[in-house]
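The values are calculated or read from the model by the stated rules, or taken from the named source; none is laboratory data. Predicted, not measured: the structure shown is a model, and the values here were computed from it. Virtual Cβ from ideal backbone geometry, glycine too; neighbours counted across all protein chains shown.
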Amino acid sequence: MADLSTDTAGIQSPNPFWIASGPPGNSLRQVRLAFEAGWGGVVWKTVGGPVIDTAMRYGGLDVYGRKLVGLNNIELISDRPIEVNFAEIAQAKEEFPDRAVVVSLMVETERQAWHEVVKRAEQTGCDGFELNFGCPHGMSERNMGAAVGQVPEYIEMITGWVKEVATIPVLVKLTPNITNIESGALAAKAGGADGVSAINTINSIVGLDLDTWETRPSVNGKGSHGGYAGPAVKPIALHMVSSIAHNPELAGLPISGIGGAHTWQDVAEFMLLGASTVQVCTAIMHHGFRLVGELETGLSNYLDSKGLASVRDLVGGSVERISSFGDLDLNWQVRAKVDPDSCIGCGKCIEVCRDNQVDCIDWENGTVNIGRVAKVDQHECIGCDLCSIVCPVTDCITMEEQPRVLQELNWNGLNAKVGVPGFSDETSGITWERFPAEVAPLVDSHGFHNPSTADTGEPEPV
Ligand SMILES: Cc1cc2nc3c(=O)[nH]c(=O)nc-3n(C[C@H](O)[C@H](O)[C@H](O)COP(=O)(O)O)c2cc1C
Ligand code: SF4
Ligand code: SF4
């Protein structure tokens with residue numbers, strides 16, 4: 001069985017599954033249950049000054065009958081006294097010395113306040129800190145959380161203050177509510193952070209009650225924007241984690257990935273894009289601590305099936321696969337193919353191809369007993385993949401790689417061929433007038449035709 005133990009910025013844990021700072025990590029009672037279930041670490045619910053929460057504080061997004069695809073919250077940091085939290089954190093570390101116990105901190109933007117809270121928190125014996133520069137609601141109105149995380153200079157300054165006194169690793173938790181999360185990560189690094197955690201919640205309004213016209217959650221008739229989390233945010237989180245991992249100036253900066261992780265596959269994806277641990281909040285709020293059993297079994301089996309001895313072998317494995325559009329091979333072709341034996345004749349692929357793409361799927365003549373089977377006209381198919389995405393039968397539509405006709409060519413190469421560097425319309429040499437004249441065979445091969453030039457050349461042979 002593969003070794004699941006991990007290291008994030010020097011914080012060791014027996015597996016990469018951490019509880020993210022939030023409701024599941026707000027007390028010793030819960031953390032005990034979590035560790036007994038098998039979680040490798042916890043980032044304690046953020047501790048700081050006194051807060052008062054509202055009663056209604058969550059809003060769920062259900063999609064087509066699936067519960068909690070997204071979760072909005074207007075909850076603040078821990079509403080338990082800071083000394084109670086510290087005493088329980090110390091106890092948790094004592095009872096579970098092999099687990100990662102990280103303390104999330106947020107205090108007002110004063111050097112002295114940060115020094116004091118860090119020194120006091122270190123006495124708990126915790127393994128590291130996570131600086132919460134991410135809460136997009138409530139705390140940000142008090143100039144903390146995202147109000148700090150949206151200003152790289154503040155991130156650098158406060159991280160620097162913490163590093164002046166901290167003797168254990170410091171992670172900076174970044175807000176996604178910023179144009180480019182890399183600027184936050186760069187600032188954290190400049191301030192001396194040992195690693196970053198990404199992402200915190202995304203600013204959102206999850207929906208309205210159409211009877212009362214109140215937002216959800218409604219607090220006595222009024223609402224406020226809140227932080228969005230859960231499976232729906234995973235693609236945004238993956239992108240942000242990968243962009244940090246991909247930035248050469250941030251090379252080697254440890255990342256704890258967060259945002260919508262729910263299954264072992266999600267965990268593997270975060271790790272392949274650069275995270276060495278993965279934090280989970282909403283999925284635990286939905287399914288409880290027992291979820292970790294599925295994560296552990298699934299990830300172990302996956303590593304064994306890949307012949308990998310350690311979960312660390314996953315970290316960053318896909319980072320180099322992320323490229324810019326300009327580097328993608330425009331001449332690599334696939335075509336959709338329907339497996340007639342598994343097609344149930346629902347017609348969904350025909351409808352979407354007709355209304356969104358090139359109308360190249362129809363019913364096959366004389367098909368099997370259930371009546372009808374879809375068939376793709378492969379000469380017209382542009383290989384967009386939409387039909388296979390909507391098909392309700394797994395693997396019924398597959399995308400078949402086509403024999404190469406044209407040499408590999410990407411947009412950057414195409415621009416170079418036309419002779420003017422650049423990518424945008426303003427700077428590019430490729431205009432609709434010039435495009436076909438220069439590279440007519442390529443244009444032809446991509447299925448759109450300029451009558452004046454379409455027949456001017458043969459495809460360039462491989
Ligand atoms: C109800 C709730 C409360 C949260 N409280 C905190 C908090 O106190 N400190 C913090 O850093 N993040 C907090 N978060 C953010 C989570 O730690 C995490 O970054 C976010 O929920 C995305 O992960 P998920 O999709 O697994 O929930 C909270 C999230 C939720 C849903
Ligand atoms: S969507 Fe899938 S199952 Fe439905 S008709 Fe098309 S190929 Fe068949
Ligand atoms: S891949 Fe796109 S173009 Fe081809 S059949 Fe499917 S939907 Fe139509």
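Points worth noting:
- Hits in the stretch 150-162 - residues which are among the charged types (D, E, K, R) and crowded, with 17+ Cβ neighbours inside 10 Å: Glu156
- Pairing residues of the stretch 339-364 that are farther than 17 Å from Gly383 by Cα with residues that are at pLDDT below 95 and near ligand 2 (Cβ under 7 Å from one of its atoms), at Cβ distances under 6 Å and at least 6 apart in sequence or on separate chains, gives Pro340/Val373; Cys343/Val373; Glu364/Val373.
- Against the list (1) within 10 Å of ligand 3 (Cβ to nearest atom); (2) touching a Ser or Thr at 6+ places or on another chain (Cβ under 9 Å); (3) not aliphatic (A, V, I, L, M), the condition Cys396 fails is (1).
- In the stretch 212-252, the residues that are under 19 Å from Leu68 (Cα atoms) and either away from ligand 1 (no atom under 16 Å from the Cβ) or β-branched (Val, Ile, Thr) (or both): Thr215, Ser218, Val233, Ile236
- The set of residues in the stretch 332-343 that are buried (at least 17 other Cβ atoms within 10 Å of the Cβ) and more than 11 Å from ligand 2 (Cβ to nearest atom) comprises Gln333, Arg335.
- Pairs where the first residue, in the stretch 13-34, is within 16 Å of Ile258 (Cβ to Cβ) and the second is part of a strand (DSSP E or B) and among the aromatic types (Phe, Trp, Tyr), C-beta under 7 Å, 6+ apart: Ser21/Trp44; Gly25/Trp44
- Test: residue in the stretch 118-140 that is charged (D, E, K, R) and modelled with pLDDT under 95: no
- In the stretch 123-177, residue nearest to ligand 3 (Cβ to nearest atom) [restricted to those that are within 21 Å of Ile205 (Cα to Cα) and either hydroxyl-bearing (Ser, Thr, Tyr) or not in a loop (DSSP other than H, G, I, E, B) (or both)]: Thr175
- Filter pass, Ser310 being buried (at least 17 other Cβ atoms within 10 Å of the Cβ) and over 19 Å from the mean Cα position of the chain (by Cα): no
- Residues located in the stretch 344-396, provided they are away from ligand 2 (no atom under 11 Å from the Cβ), loosely packed, with under 12 Cβ neighbours inside 10 Å and under 26 Å from Asp329 (Cα atoms): His379
- Evaluated against (1) within 16 Å of ligand 1 (Cβ to nearest atom); (2) in contact with a Lys or Arg (Cβ under 9 Å, 6 or more places away or on another chain), Leu295 falls short on exactly one condition, (2).
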